[in-house]
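J.: Next up is a structure, given as structure tokens.
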Amino acid sequence: MNEDFKKYFNTGEFAKLCNVKKQTLFHYDDIGLFSPEIKDENGYRYYSVQQFEVFNVILILKEIGMPLKEIKHYLDNKTPEALIELFENKITQVNKEIENLKRIRKFMKNKIEITKKACIIDYSKITLEVLKEEKLVLSKSIENLSYKDFLKVVSEHMDYCNEHKLTSGYSISLMINRNNIFKGVSDNYSYIYTKLETNSKIKSTFTRPKGLYAVAYHQGSYTTIDETYKKLIEYLNASNLKIGKYAYEEYILDETTMRGFENYITQILVEIEEDFSCDTPTSISCKTCH
């Protein structure tokens, strides 16, 4: 080997240094993106230490989704000013991706927490619990709507949530007012809602008040949920408690965890019309529904 070539990496060595396959280096050379500093008369390729930094930039830009064609255009026209402009733009892109990944992580953590809770709950019991207030974003009213108009409201609400990155890990949730609870829940819901994180900068449109709630769980399709509401009403009547303004329904086991509507689990929170206050949420009573 020529003594001068001892100062360089051959293709295999440089590929190992950069943690890529040799074929990647061959391909980049073929398309004119990144070529060895030296090619000898036998076709052997040799790369210098200084080229590692250039290749590292290529890998970074490729990792954040920049097409090879655009990377080549930059390298063919590189200047200090061009690098500053490119990297400033890419930092903005990376920051957005980081925020998106944080939202995805939060979604997954919430989903894990909800599912773990659902796996240890006794669905046959109704409890009284003092809950903290919670900020919600409501849809337009869905009372007395045709199916077509209902779907339109759902679409508008989901579009708003997607636009504002409201992905809390909860399924679509529903509110129903007191009068409709007594009439029969099916198809008498008042609003669709989405929970807001406590630190969310999105303006809420409704606050679920702090206070006493009856908490029950319905196993099965929403078409049979009236059966659980009847048990709730019987329980509250026996306890001399009155239903407040709204009830809130949230799927805690849905199509992402269970197969078939008959296996869904819906948590029902019913406001209690009572002057009751407590600093922290707690279960104050527990009774089995028969």
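No lab work stands behind these numbers, since they all come straight from the coordinates. Quick caveat: nothing in here was measured; it's all calculated off a predicted structure. Using ideal geometry, Cβ is built from the backbone for each residue, glycine included, and neighbour counts are taken over all protein chains shown.
J.: Please get the size of the charge dipole for the chain, origin at its Cα centre, with Cβ charges of +1 on Lys and Arg and -1 on Asp and Glu, quoted in debye to the nearest 20.
T.: With only Lys, Arg, Asp and Glu charged at Cβ, the dipole is about 440 debye.
J.: Next question. Output the Cα-based Rg and Dmax of region 162-270 in Å, rounding Rg to one decimal and Dmax to a whole number.
T.: Gyration radius and largest Cα-Cα distance of region 162-270: 14.6, 45 Å.
J.: Compute for region 8-78: radius of gyration divided by Kirkwood radius, i.e. Rg/Rh, restricted to C-alpha atoms, rounded to two decimals.
T.: Ratio of gyration radius to Kirkwood radius: 0.95.
J.: Along its three principal axes, how long is the chain when you only count alpha carbons? Whole Å, largest extent first please.
T.: Taking max minus min along each principal axis of the Cα atoms, the chain gives 96, 39, 35 Å.
J.: What's the ranking of 49-55, 80-86, 206-212 by average number of surrounding C-beta atoms within 10 Å, highest first?
T.: My ranking of the peptides, most packed first, is 206-212, 49-55, 80-86.
J.: Post the alpha-carbon centroid distance, region 73-121 to region 34-50, in whole angstrom.
T.: 36
J.: Taking only the C-alpha atoms, wrap a convex hull around region 28-112 and report its volume per residue in Å³ as a whole number.
T.: 130
J.: Beyond 32 Å between alpha-carbons counts as too far, so tell me which of K132/K230; K22/K165; K135/K231; K109/K132; K69/K96; K116/K231 fall in that bin.
T.: From the list (K132/K230; K22/K165; K135/K231; K109/K132; K69/K96; K116/K231), the Cα-Cα distance tops 32 Å for K22/K165.
J.: I've got another one for you. So if I place +1 on the C-beta of Lys and Arg and -1 on the C-beta of Asp and Glu, and nothing else carries charge, what would the dipole magnitude of region 8-78 be about its Cα centre? I want it in debye, nearest 20.
T.: Charge dipole, region 8-78, about its Cα centre: 200 debye, nearest 20.
J.: With the dipole of the chain worked out from charges on the C-beta (+1 for Lys and Arg, -1 for Asp and Glu) around the Cα centre, which of L59, N237, Y44 lies farthest toward the positive end?
T.: N237
J.: Around T24, with a cut-off of 15 angstrom between Cβ atoms, what is the net charge of the other residues, counting Lys and Arg +1 and Asp and Glu -1?
T.: Charge balance near T24 sits at +2.
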